[in-house]
2 protein chains.
Amino acid sequence: MPLPGLYFEDFTVGRVFELGPKTTTPEEIIEFAREFDPQPMHLSEAAGKASILGGLSASGWHTSAMFMRMMIDSYLLDAHSEGAPGIDTMEWKKPVLAGDTLTGSSTVTAARPMRSRPHIGIVTFEHRLENQRGETVMRSVNSVMFRLRPQENAA
Amino acid sequence: MPLPGLYFEDFTVGRVFELGPKTTTPEEIIEFAREFDPQPMHLSEAAGKASILGGLSASGWHTSAMFMRMMIDSYLLDAHSEGAPGIDTMEWKKPVLAGDTLTGSSTVTAARPMRSRPHIGIVTFEHRLENQRGETVMRSVNSVMFRLRPQENAA
């Protein structure tokens, strides 16, 4: 269950949101790859084993999309978000293989109100995903816009 | 049809690879969002219109995945690629709405052989996608590893 209705003020520097677990399946790796990234190592176990990745492995874009879903399920779905302008950094550090179980975290590293839109604040996160062997498979930094909490007693 | 079998040497600085066209549909925007980014503005026209995005709009991760597929179809599928370590920058600059037609380009901005792996070179690209109104909707910078062309007459 996602945390209910977070506002900008809830994203205090240092706060950590847990992500996952999410276990990948060969079927979903292949389905994503057929549509978006049909390279051999993402389409069959044999081709994956023959590559430097060592087995059927998720497209980096698939890992990123699974990471988005983990954020939704942890804290974003009911948050008062105004979206993200993009990604500052996305590192795919190790292969994500079929059957791997991913867990991770989003840590707030900065938070400031916008000057141009005083009811919105920008929160910067450092995100990490690791596999069941404790290896970091993905690291990312990005910023998300959230609404400030309404002031019920504002003059 | 993708260009056949490109090696590192084919990615000369300044070379431009055309991307697209790709027209988005409401069905695929909703299907992607249901699995990876189930926020209201990605799930219905009504919620999209009520948001700052102005209509049913693709998740930024969906735009990124469509962009991957455009690279595959333009030059990556048969290239002698060793994969990408990640993304330096990904900017989602304008909403991608249902029915938008995306075109774009990948421009080589740098290319250098790796010191640690002399048969591999690293190519840096600047990528852009625009909609049918000529607005830039996505900009990205990343690097991809490619094999050097085998030297048939090597001593």
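The values are calculated or read from the model by the stated rules, or taken from the named source; none is laboratory data. Model, not experiment: these values are computed from the prediction. Note that we place each Cβ from the backbone using ideal geometry, even for glycine, and neighbour counts take in every protein chain shown.
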(Q) Criterion first (of a type outside the set (Ser, Thr, Tyr), farther than 21 Å from A:VAL13 by Cα and in contact with a Phe, Trp or Tyr (Cβ under 6 Å, 6 or more places away or on another chain)) does A:ARG149 satisfy it? (A) no
Q.
So, restricting to helices (runs of 4 or more DSSP H) that lie completely within segment A:1-99, which ones have at least 1 residues that are within 13 Å of chain B (Cβ to nearest Cβ) and under 12 Å from the mean Cα position of the chain (by Cα)?
A. A:60-71
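Go through segment A:100-122 and give me each residue that's more than 12 Å from every other protein chain (Cβ to nearest Cβ) and either basic (Lys, Arg) or within 22 Å of B:THR63 (Cβ to Cβ) (or both). Before the answer, list the steps.
Narrowing segment A:100-122 to residues more than 12 Å from every other protein chain (Cβ to nearest Cβ): A:100-116, A:118-119, A:121-122.
Once the filter is applied, which keeps residues that are more than 12 Å from every other protein chain (Cβ to nearest Cβ) and either basic (Lys, Arg) or within 22 Å of B:THR63 (Cβ to Cβ) (or both), segment A:100-122 yields A:SER106, A:ARG112, A:ARG115, A:ILE122.
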Q) For segment A:44-71, how many residues are surrounded by 17 or more Cβ atoms within 10 Å (Cβ to Cβ) and either free of Cβ contacts under 8 Å to residues at least 60 places away in the same chain or not hydroxyl-bearing (Ser, Thr, Tyr) (or both)? A) 18
Q | From A:VAL141, A:VAL123, A:VAL137, residue being in contact (Cβ under 8 Å) with a residue 12 or more places away in the chain and in contact with a Lys or Arg (Cβ under 7 Å, 6 or more places away or on another chain) | A | A:VAL137
Q: Kindly indicate the residue of segment B:124-155 that is touching a Pro at 6+ places or on another chain (Cβ under 8 Å) and crowded, with 18+ Cβ neighbours inside 10 Å and also modelled with the highest pLDDT among those meeting that condition.
A: B:VAL137
Q: Those residues that are in contact with a helix residue (DSSP H, G or I) (Cβ under 9 Å, 6 or more places away or on another chain) and at pLDDT 95 or above, I need them from segment B:50-66; list them, please.
A: B:GLY55, B:LEU56, B:SER57, B:ALA58, B:SER59, B:GLY60, B:TRP61, B:HIS62, B:SER64, B:ALA65, B:MET66
